[in-house]
Amino acid sequence: MADIPVGFVADLRHLRRWAELAGSLWRSPALVELTHGRLWRLIAEALPSPPARVLDVGCGTGAISLEVARAGHDVTAIDPDPSAIEIAERSNHDSRPGRLSYHEGDVATWVADAAAFDVVVSSRVLHHVPEPAAALERIHRWLRPGGLFVCVDFLHDRFDRRDAQWLAQVRGLLEATESYCRDGRLPTSPDSAVERIAWEWEQDHVVDQDLNGSADIDEPLDRLFPTHTRSWHPYLYWDILEGIDLAEPAAERATATLVADWEASLLGAGQLSPVLMRFVGYRDPS
């Protein structure tokens, strides 16, 4: 996030409105609860009973690390961005059962003992690391035999025309009510609107960022953690919520909740292609 206001903390239990963070989900408690809050619950559901030695790889501004420590685990959190670590440490002050320490470093260069952790958590990291297979090899080494890897990640290449059609429909409705202000208005033709959404997706995730796709991530996950489960969860709505423009908090919450639950319903009915995966795997005990 650019232009972070003084005093900002990424703390799911101490949310407030930040007018300075226009365009960021952290500008609004309701939007954070529906996105980062739900992301934390996805991870929390997979964690073992405390206490465990947990490594949070790519912790960012620390919202997940803090909650893991509050759950009673001893957490080591790493991120290569020093400004993110600085923000994370601002929240590292309230009472909690587990220890929590932040360190500047990335998964490719950070040094830790083999088998040092019971759990490794990775939240939306693998899709943008330079070499996901090498990163997963290191994560595997850091886990003790039988240790747990909880990975939530974004696979942009699973996006298909059904997703583009839904995003165009939602954005069109919001634009018609002057409730959306991002990326310019869509064309009035439905087909042209869908093509515009598909083009924007390609620009954002392939042209501008060149993110890792499913093939880069799935193969090393399956190879290194043969005992695992995958589940798929709503995520397209995050883009919509970033552009929602409603001054009244109650209307903002109601609209954002409707969009998030709408996607969940369509995913459950198999009418959308999911792009957010939760992978829960174990290092071979032997």
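Summary of values
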{"read-out": "Likely footprinting exposure, Glu263, Glu20, fewest C-beta neighbours within 10 Å first", "value": "Glu20, Glu263"}
{"read-out": "Backbone HN-Hα couplings from phi across the range 184-189 [Karplus 6.51/-1.76/1.60, Hz, Gly and Pro as x]", "value": "x, 6, 6, x, 6, 5"}
{"read-out": "Acute angle (nearest 10 degrees) that the helix 161-176 long axis makes with the longest principal axis of the chain, alpha-carbon atoms", "value": "60"}
{"read-out": "Approximate spin-label separation Ser83-Asp106, in nm, with each point projected 7 Å along Cα-to-Cβ", "value": "1.7"}
{"read-out": "3J(HN,Hα) from dihedral phi, the range 20-37, Karplus parametrisation 6.51/-1.76/1.60, rounded to Hz, x for glycine, proline", "value": "5, 9, 4, x, 9, 4, 6, 5, 9, x, 4, 5, 5, 4, 7, 10, 4, x"}
{"read-out": "Other-chain or far-sequence residues with amide H under 5 Å of Asp81's (modelled H)", "value": "Gly105"}
{"read-out": "Asp210-Arg90 pseudo-label distance in nm [points 7 Å out on the Cα-to-Cβ vector]", "value": "3.4"}
{"read-out": "Exposure proxy order (Cβ contacts within 10 Å, fewest to most) of Ser286, Ser273, Ser231, Ser123", "value": "Ser286, Ser231, Ser273, Ser123"}
{"read-out": "Cα long-axis angle, helix 190-202 against the chain (0 to 90 degrees, to the nearest 10)", "value": "30"}
{"read-out": "Globularity index of the range 28-137, i.e. its alpha-carbon radius of gyration over 2.2 N^0.38 Å", "value": "1.03"}
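Laboratory data are not the source of any read-out in this text; all were calculated from the coordinates shown. Since we're looking at a predicted model, the values are computed, not measured. Using ideal geometry, Cβ is built from the backbone for each residue, glycine included, and neighbour counts are taken over all protein chains shown.
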